[in-house]
1. Considering only residues that are within 17 Å of R127 (Cβ to Cβ) and over 12 Å from the mean Cα position of the chain (by Cα), look in the stretch 26-57 and name the one that is surrounded by the most Cβ atoms within 10 Å (Cβ to Cβ).
2. Restricting attention to the stretch 44-83, which residues are of a type in the set (S, T, N, Q) and touching a residue at least 24 places away in the same chain (Cβ under 8 Å)?
3. Taking S98 and the conditions (1) out of contact with any helix residue (DSSP H, G or I) (no Cβ under 9 Å at 6 or more places or on another chain); (2) within 26 Å of V126 (Cα to Cα); (3) small (G, A, S), which numbered condition does it fall short on, given that it satisfies the others?
4. Please go through the stretch 84-97 and pick out each residue that is more than 20 Å from M1 (Cβ to Cβ) and free of Cβ contacts under 8 Å to residues at least 60 places away in the same chain.
5. Is there a residue in the stretch 72-80 that is within 13 Å of the chain's Cα centre (by Cα), surrounded by 12 or more Cβ atoms within 10 Å (Cβ to Cβ) and modelled with pLDDT under 95?
6. Condition first: within 19 Å of E40 (Cβ to Cβ), touching a strand residue (DSSP E or B) at 6+ places or on another chain (Cβ under 7 Å) and without any contact (Cβ under 8 Å) to a residue 60 or more places away in the chain. Now tell me which residues in the stretch 98-120 satisfy that.
7. Residues that are of a type in the set (A, V, I, L, M): which strands (runs of 3 or more DSSP E) entirely in the stretch 5-114 hold 3 or more of them?
Amino acid sequence: MEIEMKIKGLVVDPISKMPIVVLEDKNSERLLPIWIGVFEANAIALKIENIVTPRPMTHDLLKNILDEFGVIVEKVVVNDVRDNTFYALIYCRTQDRSYVIDSRPSDAIALALRVNAPIYVEEEVVRKAHSFKSTEDLESSEKLKKWLESLKPEDLGKYKM
């Protein structure tokens, strides 16, 4: 079963200094952190903050190409986590054909933001990955800080994209 998520925010892992995109279940308080690369975090942050760049960035270029060829992104789905690596699929269609494209979650999320496509996570991924509940603001969430601090060094930096 797919759970619709929204981006709760971007934070930096205090130990590895790597960005984390935090997804939030739209129907509950569950949060799912996914460690991502710096460039992907930048692409997500630019769109979240509605910052327009003078030239198209990579995900903007991809959106422009899809638009030009009449491809609609229906949704993105974080569909698996294996060996602490998250996987995603981008569901696209044209007038006569559907496509499912393998992607890193960070790229799928950055593209979803640009085309206003919903973001989903398979329930099994939420169960297998580190997820938690939060009722507080992400930036000041004591629970998030405690959760990050409780991770062992071997838990950090191994979330390959």
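1. Of the stretch 26-57, the ones within 17 Å of R127 (Cβ to Cβ) are 27-34.
Adding the requirement that they be over 12 Å from the mean Cα position of the chain (by Cα) leaves 27-30.
Details: N27: 9, S28: 9, E29: 11, R30: 17.
Checked the stretch 26-57; the qualifying residue surrounded by the most Cβ atoms within 10 Å (Cβ to Cβ) is R30.
2. The first filter runs over the stretch 44-83 and keeps only residues of a type in the set (S, T, N, Q), leaving 50, 53, 58, 64, 79.
N79, the sole residue that qualifies.
3. Tallying (1) out of contact with any helix residue (DSSP H, G or I) (no Cβ under 9 Å at 6 or more places or on another chain); (2) within 26 Å of V126 (Cα to Cα); (3) small (G, A, S), S98 fails exactly one: (2).
4. Taking the stretch 84-97 and keeping what is more than 20 Å from M1 (Cβ to Cβ), we get 84-85, 92-97.
Passing the criteria: C92, R93, T94, Q95, D96, R97.
5. No, the stretch 72-80 contains no residue that is within 13 Å of the chain's Cα centre (by Cα), surrounded by 12 or more Cβ atoms within 10 Å (Cβ to Cβ) and modelled with pLDDT under 95.
6. I101, D102, S103, A108, L111, A112, V115, A117 - these are the residues of the stretch 98-120 that are within 19 Å of E40 (Cβ to Cβ), touching a strand residue (DSSP E or B) at 6+ places or on another chain (Cβ under 7 Å) and without any contact (Cβ under 8 Å) to a residue 60 or more places away in the chain.
7. Values: elements: 19-25, 30-35, 72-82, 85-93, 98-103.
By residue number, 19-25, 30-35, 72-82, 85-93.
So that you can scan it fast, the table gives a plain yes or no per residue for (1) at pLDDT below 95; (2) of a type outside the set (A, V, I, L, M, F, W, C):
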{"residue": "I3", "(1), (2)": "no, no"}
{"residue": "P14", "(1), (2)": "yes, yes"}
{"residue": "V22", "(1), (2)": "yes, no"}
{"residue": "I51", "(1), (2)": "yes, no"}
{"residue": "G70", "(1), (2)": "no, yes"}
{"residue": "D83", "(1), (2)": "yes, yes"}
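The values are calculated or read from the model by the stated rules, or taken from the named source; none is laboratory data. All values reported here derive from a predicted model rather than from experimental measurement. Backbone-built Cβ (ideal geometry, glycine too); neighbour counts: all protein chains shown.
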